[in-house]
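Structure, as structure tokens:
The values are calculated or read from the model by the stated rules, or taken from the named source; none is laboratory data. Small disclaimer: the values here were computed from a predicted structure and weren't measured. Heads up, the Cβs are rebuilt from the backbone with ideal geometry, glycines too, and the neighbour counts pull from every protein chain shown. Quick note on the areas: whole protein, heavy atoms, side chains included, nothing else; ligands and nucleic acids left out. Shrake-Rupley method; radii C 1.70, N 1.55, O 1.52, S 1.80 Å.
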Amino acid sequence: MTRAKILSVGRYLPERRVTNFDLANMFETSDEWIQQRTGIVERRYADEGVFCSDLALEASKDCLKNAGMKPEDIDFIVFATLSPDHHFPGTGVYLQRKLGITDIGCLDIRNQCTGFLYSLAVADAFVRMGMYKRILVVGSEVHSSALHYTKEGRDVAVLFGDGAGAVLVGPSDGSSGILSSHLHADGRYAEILMLEIFNISKKPYITHQTLDEGKQYPKMVGREVFKVAVTKIPEVVNEALNANNLKVEDIDIFLPHQANLRINQFAAQQLGVPEEKFFSNIQRYGNTTAGSLPIALSEALEQGLIHEGSLIMMVAFGSGFTWGANIIRW
Ligand code: UT7
């Protein structure tokens with residue numbers, strides 16, 4: 001069976017920088033608290049009127065430019081986000097329309113912080129099956145519209161930023177490619193990090209009362225997320241290594257989801273990986289959820305951290321809980 005590989009990568013971050021000091025002017029928090037707990041210094045916010053699909057379009061254009069390809073060359077779209085343009089239809093179709101193409105299939109993946117990782121696994125399987133040859137896989141988020149800029153919502157508001165990344169996945173003609181994907185979930189933790197407003201069991205499912213209660217903002221039990229993340233990340237990294245008969249030292253670079261610098265430092269320490277091998281850009285972007293991994297990949301490539309033959313481990317953990325890893329030979 002043909003192996004699938006990442007042919008090209010792109011990213012887009014909105015221009016507007018929002019520092020911890022800017023947030024401290026809006027509600028009770030401080031640069032010191034945010035940096036100490038999370039490592040975040042600033043994040044980017046999209047302007048009013050900008051959709052998730054708009055950021056995705058810019059990242060996709062960057063990816064296509066780097067591949068020397070046109071939108072017409074894409075034969076399928078996989079779109080990962082937790083901040084879709086609308087509740088339905090899926091955001092993939094908006095991206096397709098903005099790219100100026102029609103007819104090709106669009107699949108939306110709703111897996112939060114592991115959305116890109118799951119999407120890559122899906123694209124990998126489609127390519128290996130021979131169904132498609134040029135799959136555009138995008139992770140994009142506009143979080144800034146749905147954060148609660150008050151003392152009540154500050155634990156979540158300081159963490160998230162807007163941004164998008166995209167990759168093209170196609171058949172490999174050599175030994176490079178996606179070696180394996182390892183996907184997990186535990187629905188017992190579904191309420192630990194969630195957006196409650198869409199409660200379809202209620203008739204009507206959104207009321208003035210639920211709005212007054214602030215259910216349109218994400219809620220999180222941060223400590224629980226932290227605790228489980230630092231266990232599951234090393235666990236799935238080891239699972240991926242074992243599946244490929246690799247040792248932790250064989251990995252040239254770890255691209256972890258950028259949720260909290262402390263989570264990644266903790267995981268690196270547990271795995272015995274030097275911190276410089278655990279890529280990090282959370283300082284500049286915060287948590288861009290589905291955008292985080294392709295943005296990290298794009299920057300790591302630009303910084304010369306990835307070469308032909310490099311072994312890359314992507315790993316992520318987030319709402320659901322969902323978590324996973326994939327190993328890629330570049
Ligand atoms: O992809 C998954 C995304 N989510 C995550 O990865 C989150 C993982 N969890 C975390 O990163 C941490 O739990 C946080 C950074 C969110 C919070 O850190 P913590 O050390 O777990 O703080 P806490 O929630 O236990 O709150 C400690 C104190 C509280 O005050 P009191 O009750 O001790 O007086 C909070 O009210 O910190 C307060 N606090 C804040 N203070 C200033 C909470 N958020 C803030 C804030 N600024 N933004």
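Odds and ends about this structure:
This table checks each residue for (1) in contact with an Asp or Glu (Cβ under 9 Å, 6 or more places away or on another chain); (2) at positive phi; (3) of a type in the set (D, E); (4) open to solvent by 60 Å² or more (accessible area, probe 1.4 Å).
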| site | (1), (2), (3), (4) |
| --- | --- |
| G214 | yes, yes, no, no |
| G222 | yes, no, no, no |
| V228 | yes, no, no, no |
| K232 | yes, no, no, no |
| L255 | no, no, no, no |
| R262 | no, no, no, yes |
| V273 | yes, no, no, no |
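- Within segment 280-316, restricting attention to residues that are open to solvent by 10 Å² or more (accessible area, probe 1.4 Å) and within 16 Å of the ligand (Cβ to nearest atom), the residue that is farthest from G139 (Cα to Cα) is Q283.
- Selected residue [within 25 Å of D250 (Cβ to Cβ), touching a residue at least 60 places away in the same chain (Cβ under 8 Å) and among the hydroxyl-bearing types (S, T, Y)] from Y189, Y118, Y149: Y118
- Scanning segment 172-215 for residues that are under 30 Å from L311 (Cα atoms) and within 23 Å of the chain's Cα centre (by Cα) yields S176, G177, I178, L179, S180, S181, H182, L183, H184, A185, D186.
Rundown of residues vs (1) more than 16 Å from the ligand (Cβ to nearest atom); (2) more than 21 Å from D62 (Cα to Cα); (3) at pLDDT 95 or above, yes/no style:
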{"residue": "A123", "(1), (2), (3)": "yes, no, yes"}
{"residue": "M131", "(1), (2), (3)": "yes, yes, yes"}
{"residue": "H148", "(1), (2), (3)": "no, yes, yes"}
{"residue": "R154", "(1), (2), (3)": "no, yes, yes"}
{"residue": "A157", "(1), (2), (3)": "no, yes, yes"}
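- In segment 2-60, residue nearest to the ligand (Cβ to nearest atom) [restricted to those that are in a helix (DSSP H, G or I) and among the charged types (D, E, K, R)]: R37
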